[in-house]
Amino acid sequence: MNERMDQEFRAHVKQNDADFYQMVERHPVLSLPLPRSPFEALVRIVVGQQLSVKAAETVFHRLEQAVGGQISASKINLVSPAHLRAAGLSGAKTASVFALAEFSGEDERHLHRLVEGPWNVFREELLQVRGIGPWSADMYAMFGLGLNDVFSPGDLGLRKAMERHLNVAQKQKPAVYDQRALCWSPYRTLASLHLWHSLKPDHERFGR
């Protein structure tokens, strides 16, 4: 599946964006994110806001310990804000996690109903939750739901990669990056993975 998608993606990019193809042609096959449990995925996104991947994993592991196992809305509702703060969450992130638990509904039923519906409807509701902005919604679509055609024009890493490799002028408005990414549709999630991958040191980027 990954290899077939990669072949389709590279053929599409080669035809529609020669500059981008030059960047990705030496990259290894990258795997699309697998969908996660909806509530756990949302909490992971909140925990990871403005943190490195390593730091976010550490805090998330502590959060799992604080609630006694896998993260769920019901378990969050059984602990106090102090438990979440002790695990390493800021006050704002703690409030956001409790807001997500409330948003999810009894037994997370509301959340699961939204997951089964169209993403644009889900996104609109998600953006009303405290602490969830466009970047968090985009990351959830990619890494929580595993959607194939998502691009986040506000992500600093994606912007940096496009400026470095695709001659996009620095510090443009999000719409400029979004417009540049349109020709990668319907593979914008995979394109984003390659943009992030392009920022790695050469020995990691090219597997040497």
Determine if segment 70-83 includes at least one residue that is polar (S, T, N, Q), in the same structural domain as His194 (by TED's automatic domain parsing) and surrounded by 13 or more Cβ atoms within 10 Å (Cβ to Cβ). no
Does Val67 fit the bill of being touching a Leu at 6+ places or on another chain (Cβ under 9 Å), more than 18 Å from Arg36 (Cα to Cα) and modelled with pLDDT under 95? yes
Within segment 157-203, how many residues are without any contact (Cβ under 8 Å) to a residue 24 or more places away in the chain and out of contact with any Asp or Glu (no Cβ under 8 Å at 6 or more places or on another chain)? 16
The correct count of residues that are in a helix (DSSP H, G or I), surrounded by 14 or more Cβ atoms within 10 Å (Cβ to Cβ) and of a type in the set (A, V, I, L, M, F, W, C) in segment 110-129 is 6
Any idea how many residues of segment 136-161 are over 13 Å from Thr189 (Cα atoms) and surrounded by 17 or more Cβ atoms within 10 Å (Cβ to Cβ)? 4
Apart from one, (1) touching an Asp or Glu at 6+ places or on another chain (Cβ under 8 Å); (2) not in a helix (DSSP H, G or I) all hold for Leu89; the odd one out is (1)
Starting from segment 15-30, keep only residues that are closer than 18 Å to Leu182 by Cα, then list their pairs with residues that are of a type in the set (D, E, K, R) whose Cβ atoms are within a distance under 8 Å, requiring at least 6 positions of separation or different chains. Tyr21/Arg10; Tyr21/Lys14; Val24/Arg10
Could you tell me whether segment 2-12 includes any residue that is touching a Gly at 6+ places or on another chain (Cβ under 9 Å) and basic (Lys, Arg)? no
For segment 97-109, check the following and say yes or no: at least one residue is without any contact (Cβ under 8 Å) to a residue 12 or more places away in the chain, surrounded by fewer than 14 Cβ atoms within 10 Å (Cβ to Cβ) and part of a loop (DSSP other than H, G, I, E, B). no
Going through segment 162-173 in order, the residues found to be over 17 Å from Asp17 (Cα atoms) and surrounded by 14 or more Cβ atoms within 10 Å (Cβ to Cβ) are Gln172
Please give the number of the condition Ala66 fails out of (1) touching a residue at least 40 places away in the same chain (Cβ under 8 Å); (2) more than 30 Å from Arg164 (Cα to Cα); (3) in contact with a His (Cβ under 9 Å, 6 or more places away or on another chain). (1)
Going through segment 1-50 one residue at a time, which ones are part of a helix (DSSP H, G or I) and exposed (fewer than 15 other Cβ atoms within 10 Å of the Cβ)? Asn2, Glu3, Arg4, Gln7, Glu8, Ala11, Lys14, Gln15, Asn16, Ala18, Asp19, Gln22
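The values are calculated or read from the model by the stated rules, or taken from the named source; none is laboratory data. This structure is a prediction, so every number in the text was calculated from the model and none was measured. Cβ sites come from the backbone with ideal geometry, for glycine too, and all protein chains shown count toward neighbours.
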